[in-house]
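Notes to accompany the following structure.
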Amino acid sequence: MTSLPDNATALGELCDVVAKQVDPAEASNALYLGLEHVTPGRMRPSAGGRAADVQSSKFAFRAGDVLYGKLRPYLDKAVLADTDGVCTTELLVLRPKADVDPAFLACVVHSPAFVAHAMSGVTGAPHPRTSWPHLAQFTLPRFELEEQRALAALLWRVHDLLLAIDSSVEVSQSLKRAALRELFTRGLRGEPQKETEIGPVPESWQVIPLGSLGKIGNGSTPKKSVPAYWDGGAFPWLTSAKVYDRDIAAADQFVTETALKECHLPIVKPGAVLVAITGQGKTLGHCAVLRTKATVSQHLAYLQTDTAKADAGFVRGYLETQYEYLRQVASGGGSTKGALTCAFLRTLPIPLAGMAEQREIVAILDVLDRKIELYRKKRAVLEELFRALLHQLMTGEIRVDELDLSALEGAES
């Protein structure tokens, strides 16, 4: 290894890689950690399994080791072990040396500079992995043990606040799912239920095709190679990525009047329900209510809701209960593979309450969504703070004793 200045050190000087292989059958009651138990950007395991449930040789680790995911290092997967156990061989077992604080080492391997260094040494296109010889060369400022502990204590304080917010988001989302199930099967009036093609609903409710609530269609994407369609455009044009907004009040892209005319783009009015009918990852099946006039891409279907029959928020709420079903249909169970069709959506059965009850249900869902959004915003702020602190503390740009931590007090309450 190249000699370093006195005020710098390398990862290889902070820890050793331990590759003691064990047969999980010989440690059947031990904790097992795989990559699926490591959440990107988090320093504690999100879950764990039992060694008895896995096969083939694994690595043994002990409390205080840092387990680092060498596969796709951009995922930023690394955790500090708080007990002994076994782990997948896709996790490198890094054992801190005597003068290194384990919690500090966990922070080092999550720092943005370290992630960038790990990525610069990957090999293998289909399954890119980094290696210990490359990781060992990562350099950082030298910190004495006392400062390591102070630095780690601060970063872990912010990190554990993030975990608490993560938990609050999950609990709130679970509460909303439970509320959706109850609201769309029992309603709010305590009335008897009746069996329908979509299961039990309140006796006074109807079950009707979604298409009976308004016009259903989708849009298109003007050619990017035609400047007349885009340059100087002022009319909002939406893609499927916007459905995550839930209530869409503004666009990120705009088209011209020429594009509206020549590309047969629909003009969709406020109050429409938009559904992602294609999309990568989890996008397909998500829905939102449009709160401004806009046009849409071919990846979005719209229901121009007849507001005399249905509240758009009520329709959106029911479609949220059908997310998994919509994705199953799109994967090939009755529709074009990988997409939903407008024809399918027109025939999709939906329960319909009276307008007063619809609005009451929407009000309940809005309260739950505002709470979820509040937690998400709080998480985003803490995530940004955590990343900034990781970078600045690990590079020596700032020191722990230079920080004003009063802003954290409000986050902890």
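The values are calculated or read from the model by the stated rules, or taken from the named source; none is laboratory data. Everything numeric in this text was worked out from a predicted model, so none of it was measured. Because the Cβ atoms are built from the backbone with ideal geometry, glycine has one as well, and the counts that use them run over all protein chains shown. For accessibility, only protein heavy atoms count, side chains too; no ligands or nucleic acids. Shrake-Rupley method; radii C 1.70, N 1.55, O 1.52, S 1.80 Å.
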*With the checklist (1) in a helix (DSSP H, G or I); (2) at pLDDT 95 or above; (3) over 15 Å from Trp237 (Cα atoms); (4) open to solvent by 30 Å² or more (accessible area, probe 1.4 Å) in hand, flag the one item Thr258 doesn't pass.*
(3)
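Where in segment 1-49 are there strands (runs of 3 or more DSSP E), lying wholly inside it, with at least 3 residues that are under 22 Å from Met394 (Cα atoms) and open to solvent by less than 30 Å² (accessible area, probe 1.4 Å)?
On the way: elements: 8-10, 15-18, 31-33.
Strands (runs of 3 or more DSSP E) meeting the threshold: 8-10.
Restricting attention to segment 161-176, which residues are among the acidic types (Asp, Glu) and in contact (Cβ under 8 Å) with a residue 12 or more places away in the chain?
Step one: filter segment 161-176 for residues among the acidic types (Asp, Glu), giving 166, 170.
If the condition is that a residue be among the acidic types (Asp, Glu) and in contact (Cβ under 8 Å) with a residue 12 or more places away in the chain, then Asp166 is the only one that fits.
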*Looking at (1) at pLDDT 95 or above; (2) open to solvent by less than 80 Å² (accessible area, probe 1.4 Å); (3) under 30 Å from Pro141 (Cβ atoms), which is the only condition Lys58 fails?*
(3)
*Which members of segment 222-245 meet the condition of being surrounded by fewer than 17 Cβ atoms within 10 Å (Cβ to Cβ) and in a loop (DSSP other than H, G, I, E, B)?*
Lys223, Lys224, Ser225, Val226, Asp231, Gly232, Ala234
*asked:* Where the second residue is among the charged types (D, E, K, R) and the first is surrounded by fewer than 18 Cβ atoms within 10 Å (Cβ to Cβ) and lies in segment 346-360, which pairs have Cβ atoms under 6 Å and are six or more apart or on separate chains?
replied: Pro349/Glu197; Arg359/Asp311
*Hey, can you tell me all the residues within segment 115-146 that are open to solvent by 60 Å² or more (accessible area, probe 1.4 Å), part of a helix (DSSP H, G or I) and either touching a strand residue (DSSP E or B) at 6+ places or on another chain (Cβ under 8 Å) or within 20 Å of Pro102 (Cβ to Cβ) (or both)?*
Glu146
*Number of positions in segment 265-300 that are farther than 22 Å from Gln322 by Cβ and either modelled with pLDDT under 95 or of a type in the set (A, V, I, L, M) (or both)*: 3
*Scan segment 372-386 and give yes if some residue there is in contact with a strand residue (DSSP E or B) (Cβ under 7 Å, 6 or more places away or on another chain) and at negative phi, otherwise no.*
no
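Can you confirm whether Lys377 is open to solvent by 60 Å² or more (accessible area, probe 1.4 Å), touching a residue at least 60 places away in the same chain (Cβ under 8 Å), not in a strand (DSSP E or B) and not aromatic (Phe, Trp, Tyr)?
Numbers: open to solvent by 60 Å² or more (accessible area, probe 1.4 Å): yes; touching a residue at least 60 places away in the same chain (Cβ under 8 Å): no; not in a strand (DSSP E or B): yes; not aromatic (Phe, Trp, Tyr): yes.
It is false that Lys377 is open to solvent by 60 Å² or more (accessible area, probe 1.4 Å), touching a residue at least 60 places away in the same chain (Cβ under 8 Å), not in a strand (DSSP E or B) and not aromatic (Phe, Trp, Tyr).
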*Quick check, is Phe184 surrounded by 14 or more Cβ atoms within 10 Å (Cβ to Cβ) and either touching a Phe, Trp or Tyr at 6+ places or on another chain (Cβ under 6 Å) or at pLDDT below 95 (or both)?*
yes
_Filter result for Ser172 (small (Gly, Ala, Ser), open to solvent by less than 20 Å² (accessible area, probe 1.4 Å) and either part of a helix (DSSP H, G or I) or modelled with pLDDT under 95 (or both))_ = yes
